[in-house]
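As structure tokens, the structure follows; a few thoughts come after it.
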Amino acid sequence: MNSFDYTRASDVAEAVKLKAASPDAKFIAGGTNLIDLMKYHVEQPRRLIDISRLPLTAVEETSAGGVMIGALVPNSTLAYHPVIESRYPLLSSAILAGASAQLRNMASTGGNLLQRTRCAYFYDTATPCNKRKPGEGCSAINGLNRGHAILGASTSCIATHPSDMCVALAALVAKVHVAASSGERVIAFADFHRLPGDRPDLDNTLRPDEIITAIELPAQGFASNYSYLKIRDRLSYAFALVSVAAALKLDGGRIREIRLALGGVAHKPWRNEAAEAALRGQAPDREAFGRAADLVLMDAKAHAHNAFKISLARRAIIRTLTQAANATPQIQSIKAIR
Ligand SMILES: Cc1cc2nc3c(=O)[nH]c(=O)nc-3n(C[C@H](O)[C@H](O)[C@H](O)COP(=O)(O)OP(=O)(O)OC[C@H]3O[C@@H](n4cnc5c(N)ncnc54)[C@H](O)[C@@H]3O)c2cc1C
Ligand code: SF4
């Protein structure tokens, strides 16, 4: 059992002040990832700063035509919010593909961005792991790596980012609003999560004294032509082997705008703008989608047990783009029985 102090912050200013004063502290929101990590002794914060009661629970349309989502909006509230369901169904669909109904009720929007990898060695303190303890080595590279990265990995770490919601946020080109005692800043979603390089212990570019306050969606929600496809070992309660978020704008039988992001394949949600550019102006057919998939996977590299992910990703990209083009999005099972 780890002993720790517990403080509940009453506003953002108090939360960031407490965090700046104790570098060993951790914010706790829904606790669905942090508490597990503490039980496994992977995280050992000296103090928990409870931010779950902060007034960051609004989903509001902005003057720019987009939507601002408070960092403490529960995943389930967000997925079923009428504005999100009608204007950003890709985001609803990705959230509902994740975890379970109970977990989504607890999990917060900000916490979802900061959930840590599901690499089994990361959770097993008896094995070396550079993400847990820099310099120890990576047990997955020559170990069991069926679920690991095929894109953007390094010789230090081949872990993947586990979030579904973040794949949709990458495709929607969201922004992350953060605050610290010294002020506020906005981080482009593409710059929020990191590739492992030689610092796999750093998942993202959030500074230690910063708190996520909101996620901002731009006006373009791709409500007509979208799909989120998640391929996993079980239909629910399992992380993605490969997932794809696709969103299109069609005009006169051609692709006018396109977004394509993958989950389960890299240390961060994987968006490939070159593949998107290659599809603009093309007819939305299988051949064009295949060429785009080849561009996305051009530099893919397999390890001993995950070569299947490369061909799986290619097929998943083509299928998701086809679903989006035909306006027949993947139905998440929870949606069907709601
Ligand atoms: C069994 C299981 C299955 C799951 N399956 C899926 C899945 O299929 N797909 C998926 O996407 N997710 C899945 N999840 C993950 C779940 O979505 C995340 O655990 C959840 O989103 C984390 O949110 P939280 O509020 O509980 O975060 P917490 O556990 O409270 O915090 C997580 C981290 O974020 C930090 N933090 C939280 N909020 C903020 C903030 N506002 N600012 C700065 N730091 C903050 C905390 O300090 C901590 O480091 C699963 C989880 C479990 C336990
Ligand atoms: S892949 Fe990354 S998280 Fe997994 S053991 Fe290697 S260093 Fe650790």
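Yes or no, residue by residue, for (1) without any contact (Cβ under 8 Å) to a residue 12 or more places away in the chain; (2) closer than 13 Å to Gly264 by Cβ; (3) basic (Lys, Arg):
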{"residue": "Thr155", "(1), (2), (3)": "no, no, no"}
{"residue": "Ile158", "(1), (2), (3)": "no, yes, no"}
{"residue": "Leu169", "(1), (2), (3)": "no, no, no"}
{"residue": "Gly183", "(1), (2), (3)": "yes, no, no"}
{"residue": "Gly197", "(1), (2), (3)": "no, no, no"}
{"residue": "Pro208", "(1), (2), (3)": "no, no, no"}
{"residue": "Lys230", "(1), (2), (3)": "no, yes, yes"}
{"residue": "Arg234", "(1), (2), (3)": "yes, no, yes"}
{"residue": "Ala240", "(1), (2), (3)": "no, yes, no"}
Reported set for segment 96-125 where residues are more than 7 Å from ligand 1 (Cβ to nearest atom), within 24 Å of Leu202 (Cα to Cα) and open to solvent by less than 20 Å² (accessible area, probe 1.4 Å) is Thr109, Leu113, Thr117, Cys119, Phe122
Pull up segment 220-244, narrow it to residues that are within 14 Å of the chain's Cα centre (by Cα) and within 18 Å of Leu151 (Cα to Cα), then point me to the one that is most open to solvent (accessible area, probe 1.4 Å).
Phe239
Looking at the structure I just gave you, is Leu250 crowded, with 24+ Cβ neighbours inside 10 Å, outside any loop (DSSP other than H, G, I, E, B) and more than 16 Å from ligand 1 (Cβ to nearest atom)?
no
Checking the conditions here, which among Ser92, Ser86 is of a type outside the set (Asp, Glu), within 16 Å of ligand 1 (Cβ to nearest atom) and either in a helix (DSSP H, G or I) or open to solvent by 50 Å² or more (accessible area, probe 1.4 Å) (or both)?
Ser92
Of the numbered conditions (1) within 12 Å of ligand 1 (Cβ to nearest atom); (2) surrounded by 22 or more Cβ atoms within 10 Å (Cβ to Cβ); (3) more than 29 Å from Leu90 (Cβ to Cβ), Asn130 fails exactly one; give the number of that condition.
(1)
Val173 passes all but one of (1) more than 13 Å from ligand 1 (Cβ to nearest atom); (2) β-branched (Val, Ile, Thr); (3) under 19 Å from Ala300 (Cβ atoms); (4) touching a strand residue (DSSP E or B) at 6+ places or on another chain (Cβ under 9 Å); which number fails?
(3)
Quick one: how many residues across segment 297-314 are closer than 15 Å to Asn145 by Cβ and open to solvent by 30 Å² or more (accessible area, probe 1.4 Å)?
8
If a residue must be in a strand (DSSP E or B), surrounded by fewer than 24 Cβ atoms within 10 Å (Cβ to Cβ) and of a type in the set (Gly, Ala, Ser), how many such residues does segment 253-279 contain?
0
If you go through segment 88-143 one residue at a time, how many are within 16 Å of ligand 2 (Cβ to nearest atom) and within 21 Å of Leu172 (Cα to Cα)?
2
Odd one out for Phe4, checked against (1) open to solvent by 70 Å² or more (accessible area, probe 1.4 Å); (2) in contact with an Asp or Glu (Cβ under 7 Å, 6 or more places away or on another chain):
(2)
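The values are calculated or read from the model by the stated rules, or taken from the named source; none is laboratory data. The model shown is predicted, which means the values in this text are computed figures rather than measured ones. Reconstructed Cβ throughout: ideal geometry from the backbone, glycine too, with neighbour counts over all protein chains shown. Accessible surface areas use protein heavy atoms only, side chains included; no ligands, DNA or RNA. Shrake-Rupley method; radii C 1.70, N 1.55, O 1.52, S 1.80 Å.
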